[in-house]
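Before any comments, here is the structure.
The values are calculated or read from the model by the stated rules, or taken from the named source; none is laboratory data. Remember, it's a predicted structure, so these values are computed and weren't measured experimentally. Cβ placement follows ideal geometry from the backbone for every residue including glycine, while neighbour counts extend to all protein chains displayed.
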Amino acid sequence: MSDFSEVLPDILDLSGISWKEILERLYAVFQEDFKRQHARHDGIQVLYDSRILPDGQGKEEGFWHVISTTDRETKERLIDYRRAERLPWAKSMMEQHNIPQFRVFDYDTGRKDQGIRRYICLADYSYVLILKRKKRRFFWITAYYIEKQWRRDKVAKRYNNRVRE
């Protein structure tokens, strides 16, 4: 993997601590980077899903979307450690995106309900943020780590087929 340490904060060390401590660390980052003051992308405010569902442990849906995955069978949210430990990268990538280490592009999903999505990726496509433009703001859909090369290639293909101005 390429070295992005010059442009991104350290990933969080989530090993050897309890679930409660993991959640506290992650939520502290989320609060600092996204709740206290909204992140901005291209000078435009970035919002997230602020709904708090009954099973959300008092945390916003937007938070859960960027640290966990949903089990297909049980529909239960499960922590995705690779995704979660990179949470400190999200705001940095949104705000300092015009650098060679990142790929930023719009991709038309072809689906009316999804429309055009803004991708902010590491140049090796190992970590991806997805935003959607909503009037005069961006809405943060998700962020995730990509381990498998074929999945990185899929995002690279989207970059090659991006919306061009």
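Got a sec? Which of VAL7, VAL46 is in a strand (DSSP E or B) and either in contact (Cβ under 8 Å) with a residue 60 or more places away in the chain or within 21 Å of PHE138 (Cβ to Cβ) (or both)?
VAL46
Taking only pairs six or more apart or across chains, which ones have beta-carbon atoms under 7 Å, a first residue in the stretch 143-165 that is without any contact (Cβ under 8 Å) to a residue 24 or more places away in the chain, and a second residue that is among the hydrophobic types (A, V, I, L, M, F, W, C) and surrounded by 14 or more Cβ atoms within 10 Å (Cβ to Cβ)?
Final answer for the pair search is ILE146/VAL128; ILE146/VAL155.
Can you name the number of the only condition in (1) surrounded by fewer than 14 Cβ atoms within 10 Å (Cβ to Cβ); (2) touching a Ser or Thr at 6+ places or on another chain (Cβ under 6 Å) that ASP153 fails?
So the condition that ASP153 fails would be (2).
Considering only residues that are at pLDDT below 95 and either farther than 24 Å from HIS38 by Cα or not in a loop (DSSP other than H, G, I, E, B) (or both), which ones fall in the stretch 107-116?
The initial filter retains those residues of the stretch 107-116 that are at pLDDT below 95, namely 108-116.
Residues satisfying the conditions are ASP108, THR109, GLY110, ARG111, LYS112, ASP113, ILE116.
Applying the selection to the stretch 117-127, what residues are under 18 Å from VAL66 (Cα atoms) and either among the hydrophobic types (A, V, I, L, M, F, W, C) or assigned to a loop (DSSP other than H, G, I, E, B) (or both)? Write out each step before concluding.
Restricting attention to the stretch 117-127, the residues satisfying the condition of being under 18 Å from VAL66 (Cα atoms) are 117-122, 125-127.
Within the stretch 117-127, ILE120, CYS121, LEU122, TYR125, SER126 meet the criteria.
So for the stretch 76-97 (the condition being farther than 14 Å from ILE141 by Cα, hydrophobic (A, V, I, L, M, F, W, C) and in a loop (DSSP other than H, G, I, E, B)), does at least one residue qualify?
No.
State the number of residues belonging to the stretch 64-75 that are touching a residue at least 12 places away in the same chain (Cβ under 8 Å) and either closer than 14 Å to LEU129 by Cβ or in a loop (DSSP other than H, G, I, E, B) (or both). Talk me through it step by step, then tell me what you get.
From the stretch 64-75, those touching a residue at least 12 places away in the same chain (Cβ under 8 Å) are 64-69; that's our starting set.
Add one more test, that the residue is either closer than 14 Å to LEU129 by Cβ or in a loop (DSSP other than H, G, I, E, B) (or both), and what stays is 65-67.
Residues flagged as touching a residue at least 12 places away in the same chain (Cβ under 8 Å) and either closer than 14 Å to LEU129 by Cβ or in a loop (DSSP other than H, G, I, E, B) (or both) within the stretch 64-75 amount to 3.
Would you call GLN57 more than 15 Å from PHE4 (Cβ to Cβ), touching a Lys or Arg at 6+ places or on another chain (Cβ under 8 Å), at pLDDT below 90 and in a loop (DSSP other than H, G, I, E, B)?
no
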